[in-house]
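One structure is given below, represented as structure tokens, and several questions about it will come after.
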Amino acid sequence: MTIRKILTEPDPFLRQKSKPVEKVDDSIRKIMDDMLETMYQAPGIGLAAIQIGIPKRIIVLDISKDPEKKEPMYFVNPEKVFTSEDQATYEEGCLSVPGQFAEIDRPDKCHIKYLNYNGDFKELKAEGLLATCIQHEIDHLEGILFIDYLSKLKRSMITKKLSKQKKELERIVV
Ligand code: GNR
Ligand code: NI
């Protein structure tokens, strides 16, 4: 397994729409393994393939509280088939928007269909943090970041801060 570099805002790559996976084969499983390792070491509780520069519809998640007990979840070509009217608010962060957090409202429950690690068709009813994370990750597949739900002013403040940080880092590296 390989730890990959996580792209950060304002990288235009993050705004691409990811393409469906045609077949869950070993090359796709290798991407999922790398994504999981990259997510654990970040550390984060979810990751979409586009965040490591691969525009394919693949998500990994692990929302287990105990770091000793790994409970990885893999979703290929996930599609929302239901979202509840009732909303839930969570303080969200994103590995592609480092150091920034904001309260975001989303449907409290969602049902999804997807392919698992072995390429089998599955359905899942999610609520609470799991539902929030799945929706955050499916947004990545559409090129959407959680900061897109904030006011224009808040979003541009965050984007400016991050692009300044990037330029400073480049100066140090060079
Ligand atoms: O690590 C993460 N934590 C998190 C917290 C609240 C809502 C969503 C997330 S996902 C995020 C990792 C990430 O950026 N996934 O795309
Ligand atoms: Ni994210």
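The values are calculated or read from the model by the stated rules, or taken from the named source; none is laboratory data. Computed from a predicted model, the values in this text were never measured in an experiment. With ideal geometry, Cβ positions are generated from the backbone for all residues, glycine too; neighbour counts draw on all protein chains shown. Protein only, heavy atoms only, side chains kept; ligands, DNA and RNA dropped before computing areas. Shrake-Rupley method; radii C 1.70, N 1.55, O 1.52, S 1.80 Å.
For the range 70-105, give me each residue that is basic (Lys, Arg) and within 23 Å of ARG4 (Cα to Cα). Steps first, please.
Going through the range 70-105, the residues basic (Lys, Arg) turn out to be 70, 80.
Passing the criteria: only LYS70.
Sort through SER96, SER64 and tell me the only one that's open to solvent by less than 60 Å² (accessible area, probe 1.4 Å) and within 12 Å of the chain's Cα centre (by Cα). Explain how you work it out, then say what you get.
Values: SER64 fails: within 12 Å of the chain's Cα centre (by Cα).
Just a single option satisfies the conditions, and that option is SER96.
For the range 39-55, what are the residues that are within 23 Å of GLU22 (Cβ to Cβ) and crowded, with 19+ Cβ neighbours inside 10 Å? Can you show your working first?
First pass over the range 39-55, keeping only residues within 23 Å of GLU22 (Cβ to Cβ): 47-55.
Those that are within 23 Å of GLU22 (Cβ to Cβ) and crowded, with 19+ Cβ neighbours inside 10 Å: LEU47, ALA48, ALA49, ILE50, GLN51, ILE52.
Kindly indicate whether any position in the range 12-24 is under 13 Å from the mean Cα position of the chain (by Cα) and free of Cβ contacts under 8 Å to residues at least 60 places away in the same chain.
no
Give the range 78-96 a look and list any residue that's more than 17 Å from ALA49 (Cβ to Cβ) and not polar (S, T, N, Q), or say none. Explain how you work it out, then say what you get.
Taking the range 78-96 and keeping what is more than 17 Å from ALA49 (Cβ to Cβ), we get 80-93.
Within the range 78-96, LYS80, VAL81, PHE82, GLU85, ASP86, ALA88, TYR90, GLU91, GLU92, GLY93 meet the criteria.
May I ask you to list the residues in the range 141-162 that are open to solvent by 30 Å² or more (accessible area, probe 1.4 Å) and of a type outside the set (Lys, Arg)? Quick ask: steps written out before the conclusion?
Let us first name the residues in the range 141-162 that are open to solvent by 30 Å² or more (accessible area, probe 1.4 Å), namely 142, 144, 148-149, 151-157, 159-161.
Correct list: GLU142, ILE144, ASP148, TYR149, SER151, LEU153, SER156, MET157, THR159.
I've got another one for you. When residues of the range 25-48 are filtered for being free of Cβ contacts under 8 Å to residues at least 40 places away in the same chain and under 11 Å from the mean Cα position of the chain (by Cα), how many remain?
Qualifying residue count for the region: 1.
Considering only residues that are under 14 Å from GLU9 (Cβ atoms) and of a type in the set (S, T, N, Q), which ones fall in the range 124-174?
Those that are under 14 Å from GLU9 (Cβ atoms) and of a type in the set (S, T, N, Q): SER156, THR159, SER163, GLN165.
Is there a residue in the range 119-138 that is more than 15 Å from the chain's Cα centre (by Cα) and assigned to a loop (DSSP other than H, G, I, E, B)? Spell out how you get there, then give the answer.
In the first step, residues of the range 119-138 are kept if they are more than 15 Å from the chain's Cα centre (by Cα); the result is 119-128.
Checking the rest, the ones that are also assigned to a loop (DSSP other than H, G, I, E, B) come to 119-120.
Taking every residue of the range 119-138 in turn, at least one turns out to be more than 15 Å from the chain's Cα centre (by Cα) and assigned to a loop (DSSP other than H, G, I, E, B).
State whether the residues of the range 26-33 include one that is farther than 30 Å from LYS164 by Cβ, touching a Cys at 6+ places or on another chain (Cβ under 8 Å) and β-branched (Val, Ile, Thr).
Within the range 26-33, not a single residue is farther than 30 Å from LYS164 by Cβ, touching a Cys at 6+ places or on another chain (Cβ under 8 Å) and β-branched (Val, Ile, Thr).
Considering only the range 1-114, give the strands (runs of 3 or more DSSP E) lying wholly within it that have at least 2 residues that are out of contact with any Pro (no Cβ under 6 Å at 6 or more places or on another chain) and aromatic (Phe, Trp, Tyr). Walk me through it before giving the result.
Numbers: elements: 46-48, 58-61, 73-83, 87-92, 102-107.
By residue number, 73-83.
Take the residues of the range 99-126 that are buried (at least 16 other Cβ atoms within 10 Å of the Cβ) and of a type in the set (A, V, I, L, M, F, W, C): which is nearest to ligand 1 (Cβ to nearest atom)?
ILE104
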